[in-house]
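Student: The structure's right below; bear with me while I get my questions together.
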Amino acid sequence: MDIEGFVCWTAHAVDDPAELRRVLDAQLPEGGSRAVADAQCAGLLEGTTLRPAGLAAAHAFAERSELPMAGPTDAIADFGALVDALAATERRGGRLDADAVPEGFETVTPTVDRFDRSYHTVNVAREYPSGAAVELNYRSRDPSHPGERRANRSSAVLWLRKDGVTTYEHRVEWDER
């Protein structure tokens with residue numbers, strides 16, 4: 001069993017930190033507090049609140065275990081898929097292409113117009129019947145000045161919103177190889 005996914009799935013369902021530890025202590029023989037600490041070290045939880053990677057881990061655990069997960073599950077699945085795509089692209093030091101975006105996303109104009117040069121961008125969003133929305137603003141840019149040669153810099157911001165309010169935000173930057 002994926003312990004970190006289970007911890008994140010449980011944290012998604014239980015809001016109170018003391019109750020979360022009590023539930024996990026009862027379910028895990030090694031102790032819930034240790035499992036929470038491991039999930040925090042892995043960057044899945046901040047305190048006992050899910051971070052974007054933790055939300056993706058909780059959703060993946062729910063799918064593998066065929067357990068229900070409250071919330072806008074289609075949006076969570078797409079958000080998790082985009083977090084995974086960004087992580088894979090960052091690991092290889094490359095550029096994110098539009099083919100990494102799940103089906104159903106539409107191209108959008110970024111809400112902040114900060115692009116003063118021609119960059120490779122992927123700006124997409126999708127709204128769901130549940131009232132949730134997922135938006136990705138990605139760009140690959142050349143940070144060098146005239147006469148200087150530096151690696152392109154990728155940056156991305158990914159949002160999961162519910163009824164217009166940002167629930168999760170994931171930001172990442174890396175130098176391309």
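The values are calculated or read from the model by the stated rules, or taken from the named source; none is laboratory data. What you see is a predicted model, and the numbers here were worked out from it, not measured in a lab. Here Cβ is always computed from backbone atoms with ideal geometry, including for glycine, and neighbour counts include all displayed protein chains. Heavy atoms of the whole protein, side chains included, go into the accessibility calculation; ligands, DNA and RNA do not. Shrake-Rupley method; radii C 1.70, N 1.55, O 1.52, S 1.80 Å.
Student: Do any residues in the range 60-77 that are free of Cβ contacts under 8 Å to residues at least 60 places away in the same chain have Cβ atoms under 7 Å from those of residues that are among the hydroxyl-bearing types (Ser, Thr, Tyr), where the two are at least six apart or on different chains, and which pairs are they?
Tutor: From residues that are free of Cβ contacts under 8 Å to residues at least 60 places away in the same chain, the pairs are 74/128.
Student: Can you pull out the residues in the range 2-53 that are touching a residue at least 60 places away in the same chain (Cβ under 8 Å) and in a loop (DSSP other than H, G, I, E, B)?
Tutor: Within the range 2-53, 2, 51 qualify.
Student: Which of the residues belonging to the range 64-75 are part of a helix (DSSP H, G or I) and modelled with pLDDT of 85 or more?
Tutor: Passing the criteria: 64, 65, 75.
Student: Identify all residues within the range 22-41 that are at pLDDT 85 or above and buried (at least 16 other Cβ atoms within 10 Å of the Cβ); write none if there are none.
Tutor: Scanning the range 22-41 gives 23, 24, 25, 28, 35, 36, 39, 40.
Student: With 79, 6 as the choices, which residue is surrounded by 15 or more Cβ atoms within 10 Å (Cβ to Cβ), within 12 Å of the chain's Cα centre (by Cα) and not charged (D, E, K, R)?
Tutor: Among 79, 6, only 79 is surrounded by 15 or more Cβ atoms within 10 Å (Cβ to Cβ), within 12 Å of the chain's Cα centre (by Cα) and not charged (D, E, K, R).
Student: Considering only the range 115-143, state which residues are modelled with pLDDT of 90 or more, open to solvent by 50 Å² or more (accessible area, probe 1.4 Å) and more than 17 Å from residue 85 (Cα to Cα).
Tutor: The answer is 127, and nothing else.
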